[in-house]
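Quick notes on the structure that follows.
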Amino acid sequence: MSTLQYRLPQKRCLVTELPGPKSTALAARRRAAVGAGVTSVLPIYVADADGAVVVDVDGNSLIDLGAGIAVTSVGASNPAVVAAVQQQVARFTHTCFMIAPYESYVAVAERLDALTPGDHEKRTVLFNSGAEAVENAVKIARHATGRDAVVAVDHAYHGRTNLALALTAKSMPYKSGFGPFSPEVYRVPTSYPYREGLNVDGSPFTGEQAAERAISIIEKQIGADNLAAIVIEPIQGEGGFIVPAEGFLPALARWARANDVIFIADEIQTGLCRTGAWFASEHEGVVPDLTTTAKAIAGGMPLSAVTGRAELIDGVHPGGLGGTFGGNPVACAAALATLDQMETLDLAGRARAIGETISKRLQVLATELAIVGDVRGRGAMMAVEFVEPGGRMPNPAATGKVAAAMLRAGVIVLRCGTYGNVIRLLPPLVISDDLLAEALTVFEDAVRSAAA
Ligand code: PLZ
């Protein structure tokens, strides 16, 4: 594997309390200018970022275990991405692919058609955000099937636009007060081995059993004949890094295929090397009809895509899909450089190695500490679920303590989970071994003090 040259030292270094005076001043300006509905995890303001280090306006260097929510897999200012963006931005910033098309859009589509699971003929359409990709995948599925209903699962997250919110499972903070939501969206149970679906002997449902439960609800309450699509994250992200029991996804996908229901894998968080493969669907040999990607695809530039079976996507009438900025040339240039970097740096392999390092260290915590309920994930998408000692009651208070202690120590982590009791570790895939080890030590210390 070739290695990345970092521009900034990959070191944690705190020179003020967090937030420092400059960040505090910016926070005051922000309160007077920015809508209060948009919140930030960190109280610091960013001046620079590279690799897995974020430098704030007061000169503090923090270790990044969040990657801007799984976006900066190739690093926060990967030199190849920066060069590609600079070159493109100096030639043209926008012509609108629907007006005057350009090669890089076509090239990104070619790459995604080749990289997504399955060797059948595929097509891609580009958009701006994850939510927009999900909305368009549903549009394509409804158009192709002539059916209305769409199924999403418990704990799902698919975005903040109206149809995406209908698919998203969590009320606060995402949905509350923002209805009414798009109709014909139905929710069924998922496979959440740590919490849901127990046999009489207390053993967790197998993947097959969890799929049967979901399918039986679909058949009884909706009817396969009315169902256009099942939308599902192969590993649930915002819902808590929930890895379904083996066999769950393949069983759902098989049922969908047998009933002409479009199987949409939302790989917006899991895709593009994060879980140790190009796409998380691959771990169980699932070949989705449509796959949505976004986040990591363009090294931080806004870009998203729907990729899938050619006959479905080509079935849409000319002019039925698009948008002013979808597949912007600067974002496409960044995507091509990002995909090249993922290949040349073998970031899927790197994600597997990161996953092994993280699991080894976190499993020790799980055996020692009663508040560590579950350690799970795949590749560089790992998480800890915190519980009350002696049971499985969610423990958001301890989770908050861990997150706050990490921030004080200069390590960025994100929480997630329906019960707010999960801390997820999703570093840039280019994080150095030393920096990862140091961040994990901070994490272990924070968890030990929260448990004490
Ligand atoms: N599908 C699986 O993870 C975005 C959103 C955080 P957008 N997840 C982080 C927040 O609070 O807004 C996401 C996802 C999955 C869709 C989306 C939506 O992607 O680019 O945020 O629209």
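Values in this text are rule-based calculations from the coordinates and carry no lab data. As the structure is a computational prediction, the values presented were derived from the model and not from experiment. Cβ coordinates were reconstructed from backbone atoms using ideal geometry, including for glycine residues, and neighbour counts include every protein chain displayed.
Among 114, 164, 180, whose Cα sits farthest toward the positive end of the charge dipole of the chain (+1 at Cβ of Lys/Arg, -1 at Cβ of Asp/Glu, about the Cα centre)? Selected residue: 180. Each peptide among 39-48, 370-379, 151-160, 394-403 gets the average number of other Cβ atoms lying within 10 Å of its residues, and from highest to lowest they stand as 151-160, 370-379, 394-403, 39-48. Pairs of lysines in the chain whose Cα atoms sit within less than 29 Å of one another amount to 20, provided the residues are eight or more positions apart or on different chains.
When the Cα atoms of segment 1-114 are aligned to their principal axes, the ranges along those axes come out at 48, 41, 26 Å in descending order.
From the alpha carbon centroid of segment 256-332 to that of segment 344-398 is 28 Å.
Could you work out the relative contact order of the chain, using alpha carbon pairs under 8 angstrom and six or more residues apart, expressed as a whole percent?
RCO, the chain: 22 percent.
Estimated from the Cβ-Cβ distance and a Förster radius of 35 angstrom, the FRET efficiency linking residue 92 and residue 148 is about 0.30.
Sorting the Cα pairs of segment 260-405 by distance into bins of 5 Å, from 0 upward, gives 2, 9, 13, 15, 15, 14, 12, 9, 6, 4, 2, 0 percent per bin. Please work out the FRET efficiency for the pair residue 22 and residue 160, using the Cβ-Cβ distance as r and a Förster radius of 30 Å; give the result to the nearest 0.05. In this case the efficiency is close to 0.50.
Placing +1 on the Cβ of every Lys and Arg and -1 on the Cβ of every Asp and Glu, with nothing else charged, gives the chain a dipole about its Cα centre of roughly 1180 debye.
For the pair residue 178 and residue 13 in one chain, pulling the backbone fully straight at 0.36 nm per residue adds 55.3 nm over the alpha carbon distance. Cβ-Cβ distance of residue 324 and residue 107, R₀ of 25 Å, FRET efficiency by 1/(1 + (r/R0)^6): the value works out to about 0.75.
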